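What follows is a set of notes on a single structure, which appears directly below.
The values are calculated or read from the model by the stated rules, or taken from the named source; none is laboratory data. For clarity, every value in this text was computed on a predicted model and none was experimentally measured. No Cβ is skipped: glycine too gets one built from the backbone with ideal geometry, and neighbour counts run over all protein chains shown.
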Amino acid sequence: MCGPPCRTAGAAAGVYRRRSRDGTVVRASVRSKSAGARSDGRDFLLASGTTRRELILGMGLSLPMLLDREWASADPAGVPPSAMSKTGAIPSSRTVDALRHDGPFQALRLPRLKHIYTSCRTSADRCTLKISAWVPNGGSSLGLKAPFPLVVITSGFLIGSDQYNSYAERLASWGYAVVSYDFTQQVLDPTTDIESLAMLEELIDWCTTSGNVLSKVSDPENVMLIGHSRGAKISTLAAIKDRRIKSLFLLDPVDITVYTPDDRINYPSATVALSASPATQQLPVCIVGGGGGGDCAPVGSNYDLFYRAARGPTWKAVVEEAGHLQFLDQRGATAMGAFCQAGTSTDDDIKDVARLMMVAWAETSMRRRDGVRIGVGANGWAVRAGPDEGERTDIEDTIDSVFEAVKKSPIPVIFEYKNMKLL
């Protein structure tokens, strides 16, 4: 029997049970409609005090061994949990369901901007950052004004920033200033990771201090980075180095592979750096991976490695039947489209899950820092300083709500988290 600390997520799609009262045992099982009443279960022994849970979504999935001793040992040891903000923006169940859609603000796209990377040592064309930006419009009617948290999106290798427009527009509609960018590089003459990192750091400086429109609406001390593929690696390296960055959202991240030049000075490992980061940094990370990454996101360099390396509050959602490029707005329009295989889930369903996780993570890891809460009440959208009396504020309850929202997806997704007491 599942005691008071246990909950059932729904027998049709799957079952999960929370850790027992002593915090040492988690039981999870999967039920498949096609298998009738058959149910497979397994006990996983975790280090005492570990907060980790898995939910299996979809039909007929086997249960991967994601919760083993090795994973438990990857958690930081001896780090006391920090107190949760009492005014944090923890989405209510109604709000979490709304995260599947645009928020209460108009996403206003600014004219295309340019910035010349000042430390560039090559041609001017290669040093020009072509910048797209979106800002929230209409927040004053709800009591939300600038500065807004700044989000910077870094594309995958040889992928145009326009492939992430739907992510930028979604976040801007929820009250974030969002920037994506392009620069020139070639297959046989790529920009090194260190050069890419320096460009990203300078772009953040430019967005927050240069006197342009973005600097007038962006919070320079409340920055979130989003990266896809190699862009996730660059974003991770930047977040470890730059204390202005308060949160990471990684789309099917890729670290060092057989294609990476054998040069750890210019092409360092992001996961090695992440696992070696100070325990006191406690960088919040959300990872959404594709189970069908293949050669473009190979096992041993993909989302699992990033999840194991993360030392702070971390979510991980794996879309089992997603290919590496199916997170893009139009994967067929990219140069890499011919090399990366696709899974059986539809692109639209995959992006729906990714955008849901992105906004839910931003609201959970970023909004608590500025004391603002966006919610959906009986009378529509509202912005207030903190949760109303009697509303849920516990982060685990928030995760339960995210489970319920993701569970509505028609595609199989595996979700787990760790170290949320550190948030």
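Of everything in region 323-361 that is modelled with pLDDT under 90 and among the small types (Gly, Ala, Ser), the residue that is nearest to TRP174 (Cα to Cα) is ALA360. State which residue is nearest to LYS418 (Cα to Cα) when the search covers only region 284-304 and only residues that are crowded, with 24+ Cβ neighbours inside 10 Å and of a type in the set (A, V, I, L, M). Among those residues, the one meeting the criterion is VAL285. All told, ILE194 falls short of being of a type outside the set (Ser, Thr, Tyr), modelled with pLDDT of 90 or more, touching a Ser or Thr at 6+ places or on another chain (Cβ under 6 Å) and in the same structural domain as LYS233 (by TED's automatic domain parsing).
The residues of region 262-284 that are under 20 Å from VAL299 (Cα atoms) and in contact (Cβ under 8 Å) with a residue 24 or more places away in the chain, listed by number, are TYR267, PRO268, ALA270, THR271, VAL272, ALA273, LEU274, SER275. Counting only residues that are crowded, with 24+ Cβ neighbours inside 10 Å and β-branched (Val, Ile, Thr), region 153-174 holds 2 of them. Taking region 134-241 as the region of interest, the helices (runs of 4 or more DSSP H) fully inside it that hold 1 or more residues being over 27 Å from LEU356 (Cα atoms) are 193-209, 213-217, 230-241. Taking (1) surrounded by 17 or more Cβ atoms within 10 Å (Cβ to Cβ); (2) more than 24 Å from GLU363 (Cβ to Cβ); (3) free of Cβ contacts under 8 Å to residues at least 60 places away in the same chain in turn, THR208 satisfies each apart from (2). Looking only at residues that are of a type in the set (A, V, I, L, M, F, W, C) and under 24 Å from ALA360 (Cα atoms) in region 211-236, which one is surrounded by the fewest Cβ atoms within 10 Å (Cβ to Cβ)? Within region 211-236, the match that is surrounded by the fewest Cβ atoms within 10 Å (Cβ to Cβ) is VAL217. Pairs, please: C-beta under 8 Å, at least 6 apart or cross-chain, first residue under 15 Å from PRO268 (Cβ atoms) and in region 189-202, second small (Gly, Ala, Ser) and modelled with pLDDT under 90? These pairs meet every condition: ALA198/SER119. Does SER247 fit the bill of being among the small types (Gly, Ala, Ser), within 18 Å of ARG308 (Cα to Cα) and crowded, with 21+ Cβ neighbours inside 10 Å? When the stated conditions are applied, SER247 passes them. Is there a residue being surrounded by 24 or more Cβ atoms within 10 Å (Cβ to Cβ) and outside any helix (DSSP H, G or I) anywhere in region 262-280? Looking through region 262-280, none of the residues is surrounded by 24 or more Cβ atoms within 10 Å (Cβ to Cβ) and outside any helix (DSSP H, G or I).
Taken together, the criteria exclude TYR259 from residues that are among the aromatic types (Phe, Trp, Tyr), in a loop (DSSP other than H, G, I, E, B) and touching a residue at least 12 places away in the same chain (Cβ under 8 Å).
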